[in-house]
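Rule-based calculations on the coordinates, nothing more; no lab input. Just so it is clear, the structure is predicted and the values come from calculations on it, not from any experiment. Cβ placement follows ideal geometry from the backbone for every residue including glycine, while neighbour counts extend to all protein chains displayed.
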Amino acid sequence: MDGPMPEISFKKLLLPITWFGSTIFVFLITLFTLFLSFTNPNPHVTDKYSIFSAKPLVLGASTFSLDSVDARAAMLDNVFEKFNCPLLGTGRVFVEEADKNNIPFWLAASVAFQESSCGKNTPTKDGVESYNAWGWGVYGKNVRMFENWEQGISTVTEYLNNRFYKQDITEPCEIMKIYTPSSNGSWCSGVEFFGDIISNYKTPENI
């Protein structure tokens, strides 16, 4: 005759049940995480727009190298477009002349912003446009005339290099003391302000 069945401990049953339940739970969490990663591979990229879009200036991660002439020219022309500047389309000229003369690509453009609202308020002589957006060589009725924006950019950029950068005068407020000594400081503040806007212009992503 068989003896009595051995008593099964509840504690012995609890351990494998707990292990099995934990394993199933971890497996389900893993599956759910994988599902989310495939359905939204890049959740932080939610706003794509072209560098030539009408959205406001954005400070953020750039998708191009600032060493590129095209990149810096696009930055300048985008800022010119945002401010409705007559200088729009001359970004490449500013960059190429700046590189040739070893000055920051934004400097001559920033001076133009400060002196003439980026070419909006240029002097004329006998009704003829001067294309002088820099207030350079303008004294009373004397107005330095340029044939076009390109000539003005080239001439003023070369001057900024020869008169200042070659003499180790590189700070806008030090340049101001010679370029426009009567200024109370607003000139260099304006140049620095627009220099920051231009040099920090970024686009999240081109599409």
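In whole Hz, what ³J(HN,Hα) sequence does region 179-184 give by Karplus (6.51, -1.76, 1.60; θ = phi - 60°), x for Gly and Pro?
With coefficients 6.51, -1.76 and 1.60, one gets 5, 8, x, 7, 5, 8 Hz.
For K125, enumerate residues with amide H under 5 Å from its amide H, sequence gap 5+ or separate chain, H modeled in the peptide plane.
S130
How much net charge surrounds S110 when only the other residues with a Cβ under 11 Å from the Cβ of S110 are counted, with Lys and Arg +1 and Asp and Glu -1? Mind showing how you got there, number by number?
Details: positive: none; negative: E115, E192, D196.
Its environment carries a net charge of -3.
Restricting things to alpha carbons, find the Rg to Rh ratio for region 98-205 using the Kirkwood radius for Rh.
Checking Rg against Rh, the ratio lands at 0.97.
What residues qualify as long-range amide H neighbours of K202, i.e. H under 5 Å apart, gap of 5 or more or another chain, H built at 1.01 Å from N?
V58, G60
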